[in-house]
1. Show the residue pairs meeting these rules: Cβ distance below 9 Å; 6+ apart or different chains; first residue within the stretch 1-25 and aromatic (Phe, Trp, Tyr); second residue part of a loop (DSSP other than H, G, I, E, B).
2. Could you tell me whether any residue of the stretch 17-24 is assigned to a helix (DSSP H, G or I), surrounded by 12 or more Cβ atoms within 10 Å (Cβ to Cβ) and of a type outside the set (A, V, I, L, M)?
3. Mind listing just one residue for me: the one in the stretch 45-74 that is β-branched (Val, Ile, Thr) and within 21 Å of residue 4 (Cα to Cα) and, of those, least open to solvent (accessible area, probe 1.4 Å)?
4. Return the residues of the stretch 32-84 that are assigned to a strand (DSSP E or B) and more than 17 Å from residue 8 (Cβ to Cβ); say none if nothing qualifies.
Amino acid sequence: NNGFLLDILFEAYNQIMKIFDKGIELHLELHRDYEEDFEELFVVIKSSLEPEQMLVLMDKLDEEWFLGIMDTTKGKLNITVEPL
């Protein structure tokens, strides 16, 4: 249903690896709200970095890439960080 996200997901991988480098795991999760008939994909960046450092890198990812392409995701994609 959301084929337009494929290119964005490939670019997300490249951007995430550029900023977070090695030592991370990437997970793709589908969150559904059946009552609201809404679906959203989450790219979850799992890292053993300190939480503060993960948030700094997430802010950098937002500023350098994600905020500029958010409109093209049509609210169907989000990126978050979690401890490994």
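1. Correct list of pairs: 4/74; 4/76; 20/49.
2. Checked against the condition, which is being assigned to a helix (DSSP H, G or I), surrounded by 12 or more Cβ atoms within 10 Å (Cβ to Cβ) and of a type outside the set (A, V, I, L, M), the stretch 17-24 yields at least one hit.
3. Start the filter on the stretch 45-74 by keeping residues that are β-branched (Val, Ile, Thr), which leaves 45, 56, 69, 72-73.
Imposing the further condition that a residue be within 21 Å of residue 4 (Cα to Cα) reduces the set to 69, 72-73.
Working: 69: 37, 72: 75, 73: 2 Å².
Checking each candidate, the answer is 73.
4. Residues of the stretch 32-84 that are assigned to a strand (DSSP E or B), as a first pass: 32-33, 38-47, 77-83.
32, 33, 38, 46, 47, 81, 82, 83, listed by residue number.
The values are calculated or read from the model by the stated rules, or taken from the named source; none is laboratory data. Please read these numbers as outputs of a predicted model, since none were measured by experiment. With ideal geometry, Cβ positions are generated from the backbone for all residues, glycine too; neighbour counts draw on all protein chains shown. Accessible surface areas use protein heavy atoms only, side chains included; no ligands, DNA or RNA. Shrake-Rupley method; radii C 1.70, N 1.55, O 1.52, S 1.80 Å.
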